[in-house]
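In what follows, a structure is listed as structure tokens, so that the remarks can point back to it.
The values are calculated or read from the model by the stated rules, or taken from the named source; none is laboratory data. Predicted, not measured: the structure shown is a model, and the values here were computed from it. With ideal geometry, Cβ positions are generated from the backbone for all residues, glycine too; neighbour counts draw on all protein chains shown.
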Amino acid sequence: MHWVPVAALSDNYIWLVADDEGNAFVVDPGEAAPVEAALAERGWRLTAILLTHHHNDHVGGVSELVSRHDVEVYASADPRIQPKNQIVGDGDTFTLDAPRASFKVIGVPGHTSSHIAYYGEGFLFCGDTLFSVGCGRLFEGTPEQMLASLDRFADLPPDTLVCCAHEYTASNIRFALSVEPDNDALLRRRDEVAELRVAGAPSVPSRLADEYATNPFLRVDSPSVAQWADLQGHDQAARVARFAALRKAKDTFAA
């Protein structure tokens, strides 16, 4: 598989993946024009669209792409997502014909109530649930839901490519260092991301193993995060309370 994060809007990435014959699928096209440009540049043909949730920066380009390409559109049953012709939900599996790729659907409510992720072929397309060194805001869900959603990624292979939908890594790292300032893996990640961004390169995808080493929202059970929660006056014994404290602190963090 050949993949590219297509930059769109102010800080979104639209994931475009193709086989050797140039058959391609796209994930969360918030804009059509950057997708069309990337397809034309590479000579790829769009065959499918995968959608994680209903926010416009993830679905805004779907109607235009559907009008120009013969595609299957995969999405949850949420009526706020239109157009679509393949409804999928938690636990479903499906296979695209071209490119030949199989995916498992994982229900991950938290950012929105009907958010789903797609895992397959070594990729995790997680929308706005998981970011590199961060996680999504809780617009429609609860801390309990979001933590349970993130927990569902724990059994995936450590070399899974985490294909999130925003370039938030540098600011996420600044917050993470306020929680775990002595995390060596996080300090290395800070330097790596700084080099990538200076070079004009995206900071994603990351690998799931690296997220578990650096991402405080995946590290709620670590002693250092528990210590941080205790210093903030939160119950360090309750993992949901630790997660909620992290998310609240991130919401108001001056990046």
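Residue count for the stretch 213-236 satisfying the condition of being outside any helix (DSSP H, G or I) and in contact with a helix residue (DSSP H, G or I) (Cβ under 8 Å, 6 or more places away or on another chain): 8. Could you check residue 168 against (1) touching a helix residue (DSSP H, G or I) at 6+ places or on another chain (Cβ under 9 Å); (2) buried (at least 18 other Cβ atoms within 10 Å of the Cβ); (3) under 15 Å from residue 204 (Cβ atoms) and say which number it fails? Answer for residue 168: the failing condition is (1).
Evaluate the following for residue 137: is it among the charged types (D, E, K, R), within 22 Å of residue 55 (Cβ to Cβ) and either exposed (fewer than 14 other Cβ atoms within 10 Å of the Cβ) or modelled with pLDDT of 95 or more (or both)? Before you say what the answer is, go through the steps one by one.
Working: among the charged types (D, E, K, R): yes; within 22 Å of residue 55 (Cβ to Cβ): yes; either exposed (fewer than 14 other Cβ atoms within 10 Å of the Cβ) or modelled with pLDDT of 95 or more (or both): yes.
Yes; evaluated as a whole, the condition is true for this residue.
Here's the yes/no breakdown for (1) out of contact with any strand residue (DSSP E or B) (no Cβ under 7 Å at 6 or more places or on another chain); (2) surrounded by fewer than 20 Cβ atoms within 10 Å (Cβ to Cβ); (3) under 22 Å from residue 123 (Cα atoms):
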residue: 181; (1), (2), (3): yes, yes, no
residue: 186; (1), (2), (3): yes, no, no
residue: 201; (1), (2), (3): yes, yes, yes
residue: 207; (1), (2), (3): no, yes, yes
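Return yes or no: is residue 210 assigned to a helix (DSSP H, G or I) and under 29 Å from residue 9 (Cα atoms)?
yes
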